[in-house]
Amino acid sequence: MREIPIWRGGRERTSLDVRVLRDYRGAPLARVAAAPSLLVHRAVRELREAAEEHSDLPALWDAIAAAGRLLDTAELGGCTPDEHARLVTLATGAPIADSRQALAELAAGMAEVRGALRWQAPGGSLEPFMTNRIEPAPGKCCGWVPVGRVLGFVAPSNHPAVHLTWVLALAMGWAVAIRPGADDPFTPWRVLLALREAGFPVERIALLPGGHDLVPALVEHCDRTVAYGGPALASLLGRDPRVLFNGPGRSKVLVDANAVNSAGPPARSQEAGATSAGGAAGPEDPVGFLVECILHDGGRKCTCASALLLRGEAPGLLEAVAERLNRLPLLDPLDPEARVPAWKDFAAARQTPAGAVEADGLTFVRPGLVLDVDPADPRFGMELPAPWATAARLPEDADPLPLLRGSLAVTLLTKDAALVRRCLRETAIQKLFVGPIPPWHTEPGAPHKGRLADFLFTAKAFREAVIPWT
Amino acid sequence: MTPAELDAHVREIVRWHFSPDTGSPYWLRKAADLSFDPLSEVRGFDDLARFPAVAEEWRYIPAGDLIPRGCNAAFDVWETGGTTGPPTRIVDAEERTRGILRVDRMLDEHGFPRSDAATLPVDSPGPRDPALGPGPIHRAGTSRPAWLHLGPTGPHLVGTNVARLARLRGMLYHTVDLDPRWVKRLYREGRADEARRYTAHLVEQALAVLRTQQVEALSATPPLLQALCEHPEAYDLLAARVKGIIWFGTSLSPEGLRLLEDELLPEARFVGWYGNTLMGIACQRPRREGDAHNCVFSPPGPAAVVRVVDPQNPARRVAPGEAGQVRISLLNRELFLPWHLERDRAVRVAWPGSAAWDELAEVAPLDGGGARVEGVY
């Protein structure tokens, strides 16, 4: 069985509190050390001291880039990239192809850390990270400084690529205390091993696996905290300005009939699973495109479409999407052809509105698209970690914006420029894509819920003048 | 205590509580509703399972109805935390003080601080809690170290228990009011920020004591102990002065305890208490070679007989080393509770007296709540 330790102060620590992590068949997979909440203030103090020294940021970036290359190629802690993906799949139920792809995605983001940082800095230049100064306009200069030193990171288990967020914080000179997700402690551990291998000063990282009780302690002791979670965590955190909380995404796709009708009858030739991983289906196939909006990464991302809105008449379109999702085979997630995640908790799966099905001793939430759901129905837009979504039809002249509010990501398949403008200005939509770009589209370092740097840095008046009277 | 001795104890206690001249109004009234005659049909411990669960009623009945007619002493009323509804009330005259004498002896086995002033032989009675019997007397002029209790007081017995213990050990009792029901309510209502403010308020009051008094012993709940360790000044004062710490009230994981003992406060002796107003105090026993757990609680049998049982079938004890639900029976002359299931899980630890009752480890709240998923995290 694998062992995942606590990491603090630049070294591994054991714990008397150990949790056995089980795979989706219930077999023991790993012994995960649990950190008591009492440890958090201690670990954060160590991080604060480690981050005290002046950071040679380019050296950190080089180490992160090297770590990114190792992540996807090297054996780390006795684990090859393929074995790692297998562990993540067994622990989370995510299809193996998605787990492997996600590791590659994370590795690429790290390898191109400078490019990712360019999304984050004002003006797209890396200079402000090093000089802590920005010049918004010629002759107008001010300071641009971190608002603290230690970032808390409450990680989810739904997708490994989220770990790029805390690596970016490291690249900005912050130290980070990570509470891994309950099901995937493997990915942050592997990232840490890669960083160590690459010569990154790993005393700037604390890995504290454990329960929800760690979260208030992290928020309290870290300067800022990024957290992912559901309603329970949301109510625990309240509206703390020190926290960037990522709750359910409830992402949506709006389809204007007049933007897809010229595509002709829904294509039926394309088999489910045949779409190229990661790439958007072409605009010539709206059905395949919409299926991928829902199905990508097993539907486990907060940016996967949870609802489709069809404005106007596009006969057969939604039905074809539903049918294709329905026909998805329920395969063991280790099968390279698998697209649908397995669930570890049958009771939880059964309580979803999608309903649970058992196949070959595994639990799945049946993939599907529920048609003609009243937008007032609580199921509308509900997000499940599964390729399951709801769809509503709107009259051609309806204003869809009220139904798009509260979405993390929105894709608009529309020619309505006014709607695009209004959605762009809408504060209750965090990510907007127009045209056949899926809501889960991402580029390393691009804004997700705002920019990480905007959460971790602030501008400050700063002006220097020569003292003339000495 | 052998099983036969336990059975004899059960028969004696049942006879006491159900005899018209010694029993309590509550149990004498209750006897009429029972489908069996407790006096003739309760032959041993296992027969206690025939009684219905009654602790729920103790939330509503006049507490005085619980006082046995055979007891002439003055009684006090104490209440449970009230986590699961209105508080459950018990009555106590001397029984819990006897429990404290036991804890006092166990603290000595742990090397827990005791003031030199309290070790003098005693012959002249002073104005003190008569239930304590002959206690220590203080030599004039000897300095008395302080004991800070950072936990519930008022209706919760633990505050008074610690006060009695501090006296027995020749220490001055300082306390800070803590209303656990208010804290629980804040958390229940999702007011974590208010709970944090309340904690800060308690830490501030504790600091006022720590700064000025010679605090050598501390009793606190693990969350408050954590809050003290997280406060730099409080932590420095604790590390410099405190020689003994009792933790109680909420669970502390083995790693949490190890962290406190080895890393945060290595100079202090830590002693855990498991218990509540109903059960009394199951004090941590000193460690022995080969212990599988770093904290093993020893319940106060036979006054309270504690066993770890299968939550699905509370009649079945789990095997030693297994986890189960905590079931208690109060079997003393002042109070009779045939059985009650605590909302705690624990690992059953075998000990020489296992046939009668269990030692416990890894106590934690029973897991509750169903699974419901919305969102992807």
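See the values below:
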| item | result |
| --- | --- |
| Table column - 3J(HN,Hα) (Hz), segment A:314-322, Karplus curve with 6.51, -1.76, 1.60, x for Gly and Pro | 9, x, x, 5, 5, 4, 5, 5, 4 |
| All-pairs Cα distance distribution in the protein assembly as shown, expressed in whole percent, bin size 20 Å | 13, 38, 31, 15, 2, 0 |
| Average partner coverage of A:204-213, which counts Cβ from other chains inside 10 Å | 1 |
| Heavy atoms of B:THR212 accessible to a 1.4 Å probe, total area in Å² rounded to 10 | 100 Å² |
| Charge dipole (segment A:251-434, unit charges on Cβ, about Cα centre) - positive-most of A:ALA257, A:GLY316, A:LEU413 | A:LEU413 |
| Peptide-level mean, for B:253-264, of C-beta atoms on other protein chains within 10 Å | 6 |
| At R0 = 35 Å, FRET efficiency that the Cβ-Cβ distance of B:TYR187 and B:ARG29 yields, to 0.05 | 0.40 |
| Charge sum, other residues only, whose C-beta stays under 12 Å from A:ALA194's C-beta, Lys/Arg counted +1 and Asp/Glu -1 | 0 |
| Cubic angstrom per residue, convex hull over Cα atoms of segment A:188-241 | 95 Å³ |
| Spatial extent of chain B: Rg and Dmax, with the Cα atoms as the point set, Å | 21.4, 71 |
| Built amide H within the under 5 Å cut-off of A:LEU244, gap 5+ | A:THR225, A:VAL226, A:ALA227 |
| B:GLU233-A:ASN326 pseudo-label distance in nm [points 7 Å out on the Cα-to-Cβ vector] | 7.0 nm |
| Residues whose placed amide H lies under 5 Å from that of A:VAL147, excluding near-sequence neighbours | A:PHE457, A:THR458 |
| Efficiency of FRET between B:GLU57 and A:THR14 - r from beta-carbon atoms, R0 41 angstrom, step 0.05 | 0.30 |
| Counted charge near A:VAL215, where neighbours are those whose Cβ lies closer than 11 Å (Asp, Glu -1; Lys, Arg +1) | -2 |
| Peptide ranges A:156-166, A:4-14, A:306-316, B:48-58 listed from the most packed, as the mean C-beta count within 10 angstrom indicates | A:156-166, A:306-316, A:4-14, B:48-58 |
| Residue-by-residue Karplus 3J(HN,Hα) for segment A:134-147, coefficients 6.51, -1.76, 1.60, Hz, glycine and proline x | 10, 10, x, 8, x, x, 10, 10, 8, x, 9, 10, x, 8 |
| For segment A:344-360, 3J(HN,Hα) per residue [Karplus equation, 6.51 cos²θ - 1.76 cosθ + 1.60, θ = phi - 60°, Hz, x = Gly/Pro] | 8, 10, 4, 4, 5, 5, 5, 7, 6, x, 6, x, 9, 10, 10, 9, 6 |
| Carbon and sulfur %, accessible surface of chain B computed with the full protein complex present, 1.4 Å | 50 percent |
| Per principal axis, descending, Cα span of chain A in whole Å | 80, 60, 39 |
| Where segment A:251-434 is the region considered: accessible area per residue in Å², 1.4 Å probe | 40 Å² |
| Segment B:181-314: C-alpha gyration tensor shape, a/c 1.5 cut-off, then a/b vs b/c | oblate |
| Size of the A/B contact, given as accessible area buried on both chains, probe 1.4 Å, in Å² | 2600 Å² |
| Spacing of the two label points (7 Å from each Cα toward its C-beta) at B:ALA8 and A:TRP119, in nm | 7.9 nm |
| Positive dipole terminus of chain B, leading residue within B:ALA304, B:GLY324, B:THR160 (C-beta point charges) | B:THR160 |
| Under 12 Å from the Cα of A:LYS344 - aspartates and glutamates, other chains or at least 8 residues apart | A:ASP23, A:ASP183, A:GLU358 |
| Environment charge of A:LEU71, counting only residues whose C-beta is closer than 14 Å and scoring Lys/Arg +1, Asp/Glu -1 | -3 |
| Computed E for B:ALA73/A:ALA27 - FRET, C-beta separation, R0 60 angstrom, nearest 0.05 | 0.50 |
| Listing of segment A:350-365 residues, each with accessible area lower by at least 30 Å² in the full protein assembly than in the chain alone (probe 1.4 Å) | A:GLN351 |
| Only Lys, Arg (+1) and Asp, Glu (-1) charged, at Cβ; the protein assembly as shown dipole about Cα centre in debye | 1340 debye |
| Cα-projected label distance for A:SER235 with A:ALA428, points at 7 Å along beta-carbon direction, nm | 2.2 nm |
| Charge dipole (debye, nearest 20) of chain A; +1 at Cβ of Lys and Arg, -1 at Cβ of Asp and Glu | 1120 debye |
| Radius, Kirkwood style, for segment A:251-434 when every pair of distinct Cα atoms is counted (Å) | 16.6 Å |
| Chain lengthening between B:THR212 and B:ASN313 when straightened (0.36 nm per residue, less Cα-Cα) | 31.1 nm |
| Residues with amide H under 5 Å from that of B:VAL349, placed H, sequence gap 5 or more | B:GLY321, B:GLU359, B:LEU360, B:ALA361 |
| Listed pairs A:LYS460/B:LYS184; A:LYS415/A:LYS460; A:LYS431/B:LYS184; A:LYS301/A:LYS415 exceeding 32 Å between Cα atoms | A:LYS460/B:LYS184; A:LYS415/A:LYS460; A:LYS431/B:LYS184 |
| Anchor B:LYS243: aspartates and glutamates whose Cα lies under 18 Å away (excluding residues fewer than 8 positions away in-chain) | B:ASP104, B:ASP108, B:GLU109, B:ASP116, B:GLU216, B:GLU233, B:GLU261, B:ASP262, B:GLU263, B:GLU267 |
| Within 10 Å of each Cβ in B:223-230, the average number of Cβ atoms from other chains | 3 |
| Residue (of B:GLY23, A:PRO436, B:ALA93) at the positive-pole extreme of the protein assembly as shown, dipole from beta-carbon charges | B:ALA93 |
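The values are calculated or read from the model by the stated rules, or taken from the named source; none is laboratory data. No experiment lies behind these values; they were computed from the predicted model shown. Using ideal geometry, Cβ is built from the backbone for each residue, glycine included, and neighbour counts are taken over all protein chains shown. For the accessible areas, the whole protein counts, side chains as well, though only heavy atoms, and no ligand, DNA or RNA atoms are used. Shrake-Rupley method; radii C 1.70, N 1.55, O 1.52, S 1.80 Å.
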